[in-house]
Amino acid sequence: MNSASSSAAFVLLLRRDLILAFRRRSEMLNPLLFFVLVTALFPLGIGANPVLLKAIAQGVIWVAALLASLLSLDAVFRSDFDDGSLEQYLLSSHPVSVLVLAKVLAHWLITGLPLLIIAPLLGVLLDLPWDSIKILMLTLALGTPVLSLIGSIGVALTVGLRRGGMILSLLVLPLYIPVLIFAANAVETAAAGLPITAHLSMLVGLLVLALSLSPLATAAALRVSLS
Amino acid sequence: MISRFFHQLGSPRYFYRFSGSLLPWLAVPCAVLMLAGLYQGLVVAPTDYQQGDSYRIIYIHVPSAWMSLFIYMVMAGAGAIALIWHMKLAEVIAISSAHIGASFTFLALITGSIWGKPMWGTWWVWDARLTSELILLFLYLGVIALYNAIDDKRTAARATAILSIVGVVNIPIIHYSVEWWNTLHQGPTVTKFDAPSIDMSMLIPLLLMAAAFKLYYVVVVLMRARCELLERERNTQWVNELAASK
Amino acid sequence: MNEFFHMGGYAFYVWTSYAIALVVLVLNVLVPLRNRRRLLATIARRARRARRT
């Protein structure tokens with residue numbers, strides 16, 4: 001098939017997923033609420049000492065983002081698996097990685113982007129200064145797509161399993177760790193007034209790597225799961 | 001002739017017989033090397049000036065850590081072979097390696113922790129190497145968990161093959177990021193896991209134990225693989241004949 | 001000899017480590033051995049039962 005029709009398929013799939021998601025707008029809120037709730041748990045657990053909260057804010061928000069991303073991942077392939085569309089994607093003449101990319105982009109737009117938008121609120125809750133919040137949002141913008149991309153591999157591996165959600169975390173969280181390290185530390189380093197080009201380069205590098213390799217792995221995993 | 005050998009090796013029945021006859025030839029040198037390494041490490045090697053005799057734990061800790069990484073590579077490699085050539089033997093070697101690799105990772109972590117107590121006063125430090133080993137343990141446990149969750153063993157093997165390949169790509173990234181993370185909050189204490197230069201009398205037991213562990217891995221992976229193979233092939237004639245003859 | 005066991009005061013740490021290592025290594029050998037024996041016995045039993053029917 002020529003690439004023109006594959007890009008048409010990409011756009012079609014992306015639009016379809018976005019439309020379907022918007023029809024159930026309230027469900028889009030759930031990962032967001034989880035994100036805010038988890039972040040709010042930390043002051044409740046550690047005490048409302050503003051100095052302490054400010055010191056751990058970027059780590060807490062990023063861990064909450066990881067967990068919220070994890071929770072929402074199941075939706076990437078679940079409904080398509082249940083109604084048989086997933087098999088159709090595999091049978092179609094389009095490269096599966098292109099279709100996967102469309103689904104992952106939809107997932108990020110539905111769950112990752114809202115996290116990014118609501119992050120300033122969480123920064124305020126944890127007494128993060130505005131300059132740090134800007135850096136935090138930059139790292140989230142670079143990092144959350146990576147979370148969606150890597151997470152999709154895990155979902156593809158576990159989509160056929162009965163209690164796949166439990167295993168998904170075990171599979172995916174170790175792979176999330178580099179993103180967490182560079183992103184959270186970028187905020188901290190920037191707050192100390194030091195340059196963060198190294199951190200940002202690593203995040204961009206991870207994003208590029210994830211963009212190029214993970215759709216292939218996800219496609220292979222889908223084939224295995226549906227065999 | 002070599003390609004014919006590998007072709008034959010792909011047959012479970014041939015592999016079972018071949019590995020069975022190979023095992024004693026591997027087990028004996030393994031035991032010899034292990035005893036030699038232990039003797040050299042515990043008796044012959046001199047006491048360290050800084051760490052006293054507690055440093056002798058490295059003769060378990062370091063080879064275990066090396067094996068934990070090495071075995072993951074083998075597991076991913078076997079997984080790749082299984083995916084590309086659909087070789088049953090590769091599938092079986094891959095999953096057998098996962099359990100053994102996890103054991104070595106666990107051993108590296110525990111001995112690292114025990115060594116840390118007299119050195120730093122705490123049972124755990126977020127040292128770069130130990131943290132990387134911990135993450136590696138989770139990677140192994142993920143492979144094992146995924147394999148156990150899928151009913152059809154061939155599908156399970158292919159899924160875990162993909163997972164281990166993804167893992168192997170990530171291991172250098174994780175290792176680098178953890179090391180970098182560790183240097184950020186590093187206090188004045190230099191990590192004692194990094195000996196600046198190691199004396200030959202202390203190095204020899206390390207190399208002996210490393211070699212012993214490698215052979216040990218081959219022995220144990222073959223033993224596990226044979227079991228896994230029997231399980232998978234339990235409906236074939238050769239397995240039934242074998243069972244009847246016992 | 002006592003010196004050897006004493007390990008310069010670090011006896012607990014050194015010997016615990018080596019003991020755990022011994023347990024791990026021995027278990028990894030015994031488990032496949034036991035499994036193989038059990039597996040072959042189960043297969044033989046099933047075959048005998050199948051032949052009887």
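Where a number appears in this text, it was derived from the coordinates with a stated rule and is not lab data. As the structure is a computational prediction, the values presented were derived from the model and not from experiment. As a convention, Cβ positions derive from the backbone with ideal geometry for all residues, glycine included, and neighbour counts pool all protein chains shown.
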Exercise for review: Give, as a single signed number, the net charge of other residues whose beta carbon lies under 14 Å from the beta carbon of C:G9, with Lys and Arg counted +1 and Asp and Glu -1.
Suggested key: -1
Review point. If packing is taken as the mean number of other Cβ atoms within 10 Å per residue, what is the order of A:143-155, B:55-67, highest first?
Key: A:143-155, B:55-67
Exercise for review: Using every pair of alpha-carbon atoms in region B:56-145, split the distances into 10 Å bins beginning at 0 and state the percent of pairs per bin, rounded to integers.
Suggested key: 18, 44, 24, 11, 3, 0
Exercise for review: Please identify, among B:I93, B:I198, B:I171, the residue showing maximal mean-square fluctuation in a Gaussian network model of chain B using a 10 angstrom Cα cutoff.
Suggested key: B:I198
Exercise for review: At a Cα cut-off below 20 Å, give the aspartates and glutamates reachable from B:K88, other chains included and same-chain residues fewer than 8 away excluded.
Suggested key: B:D151, B:D152, B:E228, B:E231, B:E233
Exercise for review: Using the Karplus curve 6.51 cos²θ - 1.76 cosθ + 1.60 with θ = phi - 60°, work out ³J(HN,Hα) for each residue of region A:39-49 in order, rounded to whole Hz, and write x for Gly and Pro.
Suggested key: 4, 5, 5, 5, x, 5, x, 9, x, 8, 5
Review point. Taking chain B as a Gaussian network, Cα atoms linked when under 10 Å apart, which of B:S68, B:S97, B:S54 shows the biggest mean-square fluctuation?
Key: B:S54
Point to revise | Helix-only mean residue ellipticity at 222 nm for the protein assembly as shown, each DSSP H run of n ≥ 4 adding -39500 (n - 2.57), per residue, nearest 500 | key: -28500 deg cm²/dmol
Check your understanding: Taking square-rooted eigenvalues a ≥ b ≥ c of the alpha carbon gyration tensor, is chain A rounded, prolate or oblate, where a/c under 1.5 means rounded and, failing that, a/b exceeding b/c means prolate?
Key -> prolate
Check your understanding: What residue among A:L194, A:L18, A:L113 has the largest mean-square fluctuation in a Gaussian network model of chain A, using Cα springs under 10 Å?
Key -> A:L194
Practice item. Would you be so kind as to identify which of B:I174, B:S11, B:L134 lies farthest towards the positive end of the dipole of the protein assembly as shown, taking Lys and Arg as +1 and Asp and Glu as -1 on Cβ and the Cα centre as origin? Key: B:S11
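Computed FRET efficiency, Cβ-Cβ of A:L91 and B:F6, R0 41 Å: what is it to the nearest 0.05?
The value I calculate is 0.75.
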Practice item. Could you order peptides A:164-175, B:100-111 by the average number of other Cβ atoms within 10 Å of their residues, highest first? Key: B:100-111, A:164-175
Check your understanding: If you count, for each residue, the other Cβ atoms within 10 Å and average over each peptide, how do C:28-37, B:161-170 line up from highest to lowest?
Key -> B:161-170, C:28-37
Check your understanding: Can you list, bin by bin at 20 Å, the percent of alpha carbon pairs in the protein assembly as shown, starting at 0?
Key -> 19, 46, 31, 4, 0
Point to revise | the protein assembly as shown, dipole about Cα centre (Lys/Arg Cβ +1, Asp/Glu Cβ -1), debye to the nearest 20 | key: 2580 debye
Revision key, fill the gap. Per residue of B:158-169, other chain Cβ atoms within 10 Å number on average 5
Review point. Near A:K134, which lysines are there with a Cα under 24 Å away, not counting those fewer than 8 places off in the same chain?
Key: A:K54
Review point. Straight-line reach from B:K117: which lysines have Cα under 25 Å away, leaving out those fewer than 8 places along the same chain?
Key: B:K192
Point to revise | For residues of B:138-146, the mean tally of beta carbons on other chains within 10 Å | key: 5
Exercise for review: Compute the distance in nm between two label points, each set 7 Å from the Cα along the Cα-to-Cβ direction, one at C:T53 and one at B:K153.
Suggested key: 2.2 nm
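In debye to the nearest 20, how big a dipole does chain A give about its Cα centre with +1 on each Lys and Arg Cβ and -1 on each Asp and Glu Cβ?
240 debye
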Check your understanding: What's the average, rounded to a whole number, of partner chain beta-carbon atoms within 10 Å of each residue's beta-carbon in A:103-110?
Key -> 0
Check your understanding: Per-residue HN-Hα couplings for region B:130-144, Karplus 6.51 cos²θ - 1.76 cosθ + 1.60 at θ = phi - 60°, whole Hz, x for Gly and Pro?
Key -> 5, 5, 4, 4, 4, 5, 4, 4, 5, 4, 4, 4, x, 4, 5
Practice item. Per residue of region A:131-141, in order, report the coupling 6.51 cos²θ - 1.76 cosθ + 1.60 (Karplus, θ = phi - 60°) as ³J(HN,Hα) in whole Hz, putting x for Gly and Pro. Key: 4, 5, 4, 4, 5, 4, 5, 5, 5, 5, 4
Check your understanding: Residue farthest toward the positive end of the dipole of the protein assembly as shown, with Cβ of Lys/Arg at +1 and Asp/Glu at -1: which of B:Q50, B:A65, A:G160?
Key -> A:G160
Revision key, fill the gap. Computed about the Cα centre, the charge dipole of chain C from +1 Lys/Arg and -1 Asp/Glu charges at the Cβ has a magnitude in debye, to the nearest 20, of 1240 debye
